[in-house]
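Here the structure is laid out as C-alpha cells; the discussion comes afterwards.
Computed from the coordinates by the stated procedures, all read-outs in this text should not be read as laboratory data. Source: prediction; values computed, not measured. Here the Cβ is made from the backbone with ideal geometry for all residues, glycine too, and neighbour counts use every protein chain on show.
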Amino acid sequence: MQVIGAIAPAFERTKRAMFQPFDIGRWLAFGFVFFVASLIDPIGGYSGRMNFPRRPSGGVTLPEIELPPEIADHWNTILIAGGLALVVATVAGIALAWVGARGLMMTYRSVASGFVAIGESWRETAKPANALFGMSIAVSAIGAVFALPLLALGIFQARDLYVAGERDAAVMLRAIFPFLLGLGAIGFAGAIVGFVIRQFIAPFLLFFPVSVREAWSRFFAVLRSNPLGVLGFLAARIVIAFVVALISSIVSTCTCCIGGLPILHQTVLAPVLFFDRAFTLHVLASIAPEYASLWQR
C-alpha cells in the first residue's frame, strides 16, 4: 500500500485533467459535483476563515439568568415549536445526506474517468450511493443512541449545579467533564468510521459489485495485511484536510468571502479537490493488482 508514492501520480493526473487544456466548463462541472459531495464529505465543505480561540485571562463566572415573562408564559408552546423545528431539521439533514452520498460517488467516478457527465454519473451511481446512504444513516443513528443520553445527563448535571447556586464555570466544567469525555470518545470513533466509509467503503461499493458487508470485509482484509499503510494513509488524509482548509480560508479571505459561496468555492478549489480524490484512488490502486481497476485511465 503506497501512500507517499501516490502523491506524484495523483498530482500528474490532476494537472492533465484540470490544466491540459484549461477548460472553465470542466472546472464548473467538477465544482458542482464537489459541492454536492460536500453535503456529506467535510473535505470540500469548509469555506470560511480560521479563527483560533483565545484563553480568558481569569476565571469565568456565569451570569444570573432570568427568563422574561413572555417566554415563561409560553414555555410549552416554545418547546413544541422547538421540537417541530428539530424534526424538520432532521428530515432536511437526511435528505441532504442522501444527495451528498450520490455526490460523493459522482466525484470518485468523475475523477477516475477524468471528466464529468452529471446526468450519466447520477444514474450510474444510484445503487452504490443508496447503499452508502443507508450505512451512513445507520452509523449516525448508532452514534446518536450513545451520544444523546450523555448529552442529556451533562445538561441536567449543569442545570442542577446552576439551580443550587453554583456560578463558577470551572466547577461546572469539572462536573460535566466525564460526559464531555464520553462525547469526545464517540466523536473520535465516528470520525474514524467516517474516514473508512469515505476513503475505502465508498470506492469499493462504486468500483466493485459488492454489498456493504463485503466492502467492509475488503477493508478489514486490507487493514490486517497492511495496518501501517492504513495508519499512514490516515495521517496523510489529516494533512490534506488541513491544507485544504488553509487554502479555503485564504481564498475566502482574499475574496472578501465571495470565494466562499457554495459551488463557486468548490469550483475555485476544483484542482485541490480533484487531487484529494485522485490521491485516494492511487493509494487504493496500489493495494493489489485487482485494485488497479480503480484507476482506469
Assuming 0.36 nm per residue, please report the length gained on full extension of the stretch Ala175 to Ile258 beyond their Cα-Cα distance.
25.6 nm
Here are some values of percent of Cα pairs over 32 Å apart: [x] 43; [y] 27; [z] 38. Which one was computed from this structure?
[z]
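As a test of the formula, what do you get for the chain when each DSSP H run with n ≥ 4 contributes -39,500 (n - 2.57) and the sum is divided by the residue count, at 222 nm and rounded to the nearest 500 deg cm²/dmol? The partial results should precede the final answer.
Working: 12 runs with 213 residues, N = 297.
Helix-only estimate at 222 nm: -24000 deg cm²/dmol.
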Unit charges on C-beta of K, R, D, E only; dipole of the chain, Debye
1060 debye
Of all the C-alpha pairs in the stretch 187-230, what % are more than 16 Å from each other?
37 percent
Most fluctuating residue given options Glu166, Glu12, Glu124, as computed from a GNM of the chain linking Cα atoms under 10 Å
Glu166
What does a probe at Glu166 reach in the stretch 177-219, counting residues whose amide N is under 12 Å from the point 7 Å along Cα→Cβ?
177-179
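All other residues with a Cβ under 14 Å from the Cβ of Ser211 taken together, and with Lys, Arg as +1 and Asp, Glu as -1, what is their net charge?
Surrounding charge for Ser211 is +2.
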Candidate span helices, the chain: DSSP H, at least 24 Å along axis from Cα coords, Kyte-Doolittle average at least 0.0, result 75-113, 126-163, 169-196, 227-254
